[in-house]
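A short worksheet on the structure shown next.
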Amino acid sequence: SSALDGTFELQLPNSQDFLLVFSHLNYELFNLEIKDASSMPDTVFLRGTTFRLDEATVSETFDPRLRRRRMRAFRKALIGKEVSKKQVLISNPEVILFSEKDGLLLAEVQEPLMIENYMLGYTVQLFLETFELATKGEVFYQGKFFFDPMDGNAKQQSSFQKQRQKRYRESSRKFFRDLVLRKIDKAVYELGYSQWNRPLSY
């Protein structure tokens, strides 16, 4: 967080590379790669965002049940329905703004979304740029995720490592990596090749 006049100060070792992400509600995200802390610019300019707004009606009524329903749908789409709130917690849900348009649930955030994953041992900052959820369950979102390992005792760290390895083994990333490297478990998968015999016509 910067001061009111936009100034900030960082203590960066000279020997590491960094990616600084500048975020402000009225400006586009700006990524600054720093290869050498001594070469960092002293001024960074952000590009303002413009919004074309439809006619809006402002009322004093607030429906907490609608907010809870939207929050449940958002959490299920982003984190998954099988994960409990004790395992993965959104610690600042108040920054999420919901709206609906053309059958889509839309969400935007005023600041990075903070997610505490006690199952894998990570604190996650999500700079959410777009979130759209259709009534049939199709979801589209994009943003930047930053992971910080959680502190914990030896038993907790061991549990984190086991869960991370388990999730990785079950991931599509692991499957496609093994597929490319031809390390697919033949006791689980049967490998074969297919060929299109007919000439393609357009």
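The values are calculated or read from the model by the stated rules, or taken from the named source; none is laboratory data. Worth saying up front: this structure is predicted, and the values here are computed from it rather than measured. Here the Cβ is made from the backbone with ideal geometry for all residues, glycine too, and neighbour counts use every protein chain on show. These accessible areas exclude ligands, DNA and RNA; they are computed on the full protein's heavy atoms, side chains included. Shrake-Rupley method; radii C 1.70, N 1.55, O 1.52, S 1.80 Å.
What the table below lists for this structure:
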read-out	value
Criterion violated by residue 184 - all others in (1) among the aliphatic types (A, V, I, L, M); (2) in a loop (DSSP other than H, G, I, E, B); (3) touching a residue at least 24 places away in the same chain (Cβ under 8 Å) satisfied	(3)
Positions within the range 139-160 being touching a residue at least 12 places away in the same chain (Cβ under 8 Å) and polar (S, T, N, Q), in sequence order	142, 156, 157, 159
Among residues of the range 29-38, those that are free of Cβ contacts under 8 Å to residues at least 24 places away in the same chain and open to solvent by 80 Å² or more (accessible area, probe 1.4 Å), counted	2
Qualifying positions in the range 75-119 - touching a residue at least 40 places away in the same chain (Cβ under 8 Å) and closer than 21 Å to residue 63 by Cβ	77, 110
Residue that is farthest from residue 109 (Cα to Cα), among those in the range 1-28 that are open to solvent by 70 Å² or more (accessible area, probe 1.4 Å) and in a strand (DSSP E or B)	19
Test result for residue 89, at pLDDT 80 or above and surrounded by 10 or more Cβ atoms within 10 Å (Cβ to Cβ)	yes
Any chance residue 54 is at pLDDT 75 or above, loosely packed, with under 10 Cβ neighbours inside 10 Å and farther than 21 Å from residue 145 by Cα	no
Of all residues making up the range 60-85, the number that are surrounded by fewer than 13 Cβ atoms within 10 Å (Cβ to Cβ) and either over 16 Å from the mean Cα position of the chain (by Cα) or not in a loop (DSSP other than H, G, I, E, B) (or both)	13
Residue count for the range 146-160, restricted to those that are surrounded by 11 or more Cβ atoms within 10 Å (Cβ to Cβ) and either within 28 Å of residue 111 (Cβ to Cβ) or basic (Lys, Arg) (or both)	6
Residue tally, condition of a type in the set (A, V, I, L, M), out of contact with any helix residue (DSSP H, G or I) (no Cβ under 8 Å at 6 or more places or on another chain) and surrounded by 10 or more Cβ atoms within 10 Å (Cβ to Cβ), over the range 161-202	1
Answer residue from the range 104-145, given it is under 23 Å from residue 86 (Cβ atoms) and assigned to a loop (DSSP other than H, G, I, E, B) and is most open to solvent (accessible area, probe 1.4 Å) among those	118
